[in-house]
Amino acid sequence: MNPPIAKTIPVVLEKHGHARVDHYYWLNGRNDPDVLAYLKEENDYTRRVMAHRSQFEEDLFEEIKGRIKQTDLSVPYKLDAYYYYTRFEEGKEYPVYCRKRGNLDAQEEIMLDANALAEGHQFFSMTGMAVSFDHDVLAYAVDTQGRRISTIRFKNLTTGESCEDVIYNVTGNVAWANDNRTLFYTRQDPKTLRAFQIFRHELGCPESSDALVFEEKDETFSASVFKTKSKRYLMIASHQTVSSEYRYLHADHPEGEFSVFLPRERFHEYDVEHYQDEFYIRTNWHAKNFRLMKTPVTQTAKSSWEEVIPHRKDVLLESFELFQDFFVVEERHQGLMKIRVVSWGGEEGHEVDFGEPTYSAGLGKNPDFQTSTLRYVYTSMTTPNSVYDYDVKTKEKTLLKQEEVLGEFDSALYQTERTWASASDGNRIPVSLVYRKTLRRSRNNPLLLYGYGSYGSSMDASFSSPRLSLLDRGFVFAIAHVRGGEDLGREWYETGKLFHKKNTFTDFIACAEHLIQQGYANEEHVYAMGGSAGGLLMGAVLNMRPDLFHGVVAQVPFVDIVTTMSDPDIPLTTGEYDEWGDPNQKDYYDYMLSYSPYDNVTQRAYPHVLVTTGLHDSQVQYWEPAKWVAKLRRWKTDTNRLLLKTNMEAGHAGASGRFHRYKELAFIYSFLLDLANLTDSSSRALDHLG
C-alpha cells in the first residue's frame, strides 16, 4: 500500500543571509485544486491503512458515547431574577439554552435551541451569548465554518421573535450597555483575524450605522470588550503576551468616551474589576507572580494603588472574584490550584480543602454579589467533573452535580498519583498520572504522555470519561507539567519561552524517561500526544529522541514555526513575537530554526506518527502539518505508519457537536490501541497485560 507522495516545487526563502529551500511551500494554497486533491489523497490513504480497525473504531466510538448521559442538565445559576441553564436532549448534538424566572419550579423558557440553528451546517459553534440588562433581549454569535468568524443575531425573549438586526464577520465577543438597546462587539482584521476594533450597535439600526469606538492599532495587541460583575462599567481590554491596557466607560452612558485606566507599559500585565467605589487590579508591577491592588474609581494612576494581597515568590495569583462580604482568589502553589476565601476584614482567610494529590479546581459561575455561597468546580483524574456550592461561613460543601458516567464506572478502581522527574538542569518537573489500580507497576504497561508547555497555560489534572477506554485496556495516562506552562509560577513559564523554549522539549523527554525508570511504562510502548503548541512539542521531541517513543499523535501541530512567524499577514503572528521571538531579528531566527520541527526533519527512522488538522484552522494553518508530513515521508527511513487526517469541514477545535467530536477521538484511540496490540475488550486486554 503505497503512501501519497507530494510533488516538490522548490521555493527559496531567504532571511539574514540564510537561504532555506522549501519544497512544499505550494501547499499553502487553500483553494488550489492540487492542494485539495493531495489532502483528499492523504485522507484516503489514512482510511486504507486503518481499515483493518474500522469496526473497532466504530465500537470504540459507541463505547465512548455510551458513557455519556444523553439527556442532561447543567447546574442553574442565578442572575438577578432568573435562573439560567443548558440542557441536552437524547440523540442531539447541541445544547438547548433555557431559563426560569423567580425559582426553579417556574415554567421553563427556551431561549435558543442550538440544534435547530445548526441544521444544514457541517460545522456549528455558539461563540458568544449575552442577555440585555433587563433580560429581555438575547444577543448571540454563531460560527458555521470553524475559522473564528461569527455572525451576531438578536432575539426578543419576551415575544420569542427574532430581531431584524444582523451583524456579520465579527468575533463572538459582545457586551450590553445598561440601556437595553446598545451592544458593543468586536471585529477582527479580515486577513489576520486579529480582534482589533470595538463597535457600538443600537437595536433597530442597520449595521452600516454602527460607530467605531476603539481601534487597536498596535498589531501585537488584540482587543475585547466586557462588562464588570457590578454591571457599572463597560471595559475594553487590549492584551499582548507581556502587556495589557484597559479602558472604562459607565454602562449607563454608552455614547460616552472610554477612559484609559492605566496606559500600557512594556512588561506590565494587569486585569481590572469593579466593586462599590473602587477598582481592583491583579498586577505584575513589581510582582512577578502578581499581587492584588485597589484604587478609587476616580484615581486610577499607580500612585493611588493600595495593596490588598502582596506578592509571594512561591505562589502565583491567577485570578480573583469579588463579593459583598468577602473575596476569593485562585492561586497556584507547587503546580496545584488553590481557592482561598478572604473576608473584607483583612485576615489571611482560609483555603478550600480538596483532599487529592493532583486535581483541577476553579471558580464557577458567581454573578451574585449578595451571597455567602461560593460556587466552584472540581475534578481529578479519578473524579468526574463536579460542581459545588461552598458556604464561606460554615465551610460546608454541597455537591450540586457530578458528571454521570454511565456503565460500570467506579472511581475506586483507578489510582491517581503525582511524581517528579528531574530535568537536565536540576529542575523538578511535576507529572500527574492515572491508571487502573490492578496494573500497579508491572513495567509492562503502555504509557500515553500528554504535554503542552506554552503561553503560560497550565495543564491541570482532570477527568475524562473517553480516556477510560485507554485505562481499561491497560494504558497509564500521564501529564507532563513542563516549562512553558505556569504550573510552578511565572518563572516556570518564562524559562520555557523565547531563548529558553528548548526546556519545554527536554522536560518532556525527562518525564518520559523518569516514568520508564520508575516502572510505570514498558519502554517499548511509550506514546506521546499534544496539540497546537503541544504539537510543536511533539515535532521537536520526534527530532530529538525518536527512539524514545513507539508512537506519537500530533493534533493541529504548530510545526513550521520559522515560516509562520516570518509572515505577518496570517493569523496570530505579530501577537506572538513575545512568545516565540521575532524572526526579523537574527538571534531569534537562528534559535527558532534550531528546533523548528519542519526544518529539522532528517534522514532517519521515526516512530509511528498520526497527524490531524482542519482545513479551516485559523490558529495553526492546515498547511503546516501537511508540509511536515510530506517532508517526513520524503526523508524517513523506516516503514512505520505516517498518517495525515484532515477534517475538511472544521477548524482548530476539530469537529463540532457533543458526540461527533468523539469520532475523531475514537480514531486517535484506535490508532494507539492498535499499536499497543490492545484492541480486545477492556477485560481481555487487561488479562493480556497481566
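Where a number appears in this text, it was derived from the coordinates with a stated rule and is not lab data. Quick caveat: nothing in here was measured; it's all calculated off a predicted structure. Positions of Cβ are generated from backbone atoms using ideal geometry, with glycine treated the same way; all protein chains shown enter the neighbour counts.
Quick notes on this structure:
- For region 404-512, the gyration tensor built on C-alpha atoms gives a prolate shape. Its axis ratio a/c (a ≥ b ≥ c) is at least 1.5, and a/b is the larger of a/b and b/c.
- Plainly put, region 25-81 has a radius of gyration that is 1.33 times its Kirkwood radius, both from alpha-carbon atoms, as the Rg/Rh ratio.
- Ranking of C511, C98, C163 by count of other Cβ atoms within 10 Å, fewest first: C163, C98, C511
- Exposure proxy order (Cβ contacts within 10 Å, fewest to most) of M538, M592: M592, M538
- Residues in region 383-400 carry Karplus couplings, in order, of 10, x, 3, 10, 10, 10, 9, 10, 7, 5, 8, 8, 6, 8, 9, 10, 6, 8 Hz; the curve used is 6.51 cos²θ - 1.76 cosθ + 1.60 with θ = phi - 60°, and Gly or Pro positions show x.
- Qualifying chymotrypsin sites (Phe, Trp or Tyr not before Pro) in region 261-350, where qualification requires a DSSP coil assignment and no more than 11 other C-beta atoms within 10 Å, comprise F267.
- Here region 73-117 has an Rg and Dmax of 10.7, 33 Å, counting Cα atoms alone.
- Per DSSP, loop GluC sites (Glu not before Pro) in region 325-408 with at most 13 further Cβ within 10 Å: E347, E348, E396, E404, E408
- Distance (nanometres) between label positions extended 7 Å along Cα→Cβ at F659 and T151: 2.7
- Unit charges at the beta carbon, dipole of the chain: most positive-side option, H333, A37, N169: A37
- Rounded to the nearest 500, the helix-only mean residue ellipticity at 222 nm of the chain stands at -5500 deg cm²/dmol, with each DSSP H run of n ≥ 4 adding -39,500 (n - 2.57).
- Residue list for region 618-636, given a label point 7 angstrom along the Cα-to-Cβ vector of M648 and an amide N cut-off under 17 Å: 622-623, 626
- Orientation-averaged projected area, Cα convex hull of region 321-403 (nm²): 5.5
- The overall shape of region 171-291, judged from the alpha-carbon gyration tensor, is oblate: a/c is not under 1.5, and a/b is no greater than b/c.
- Sequence-separation-based contact order of the chain, relative, with Cα cut under 8 Å and 6+ spacing, percent: 11
- A Förster distance of 30 Å, applied to the separation of the beta-carbon atoms of E257 and K288, puts the FRET efficiency at 0.30.
- GluC sites (Glu not before Pro) within region 195-230: DSSP coil, no more than 14 neighbouring Cβ in 10 Å: none
- Burial ordering of M235, M544, fewest other beta-carbon atoms within 10 Å first: M544, M235
- Lysines with Cα under 30 Å of K437, excluding same-chain neighbours fewer than 8 positions away: K65, K69, K338, K397, K401, K663
- With a Förster radius of 60 Å applied to the C-beta separation of D136 and L406, the computed FRET efficiency comes to 0.95.
- Shape category assigned to region 89-199 from the gyration tensor of Cα positions, a/c cut at 1.5: oblate
- Each DSSP beta bridge with both residues in the chain is either parallel or antiparallel, and the antiparallel ones are about 85%.
- Cα long-axis angle, helix 586-595 against the chain (0 to 90 degrees, to the nearest 10): 60
- For I5, net neighbour charge (Lys/Arg +1, Asp/Glu -1) across residues whose Cβ lies under 14 Å away: +2
- Each Lys and Arg Cβ is given +1 and each Asp and Glu Cβ -1; about its Cα centre, the chain then shows a dipole of about 1580 debye.
- Interchain or long-range residues, amide H under 5 Å from H274's placed H: K229, S230, Y280
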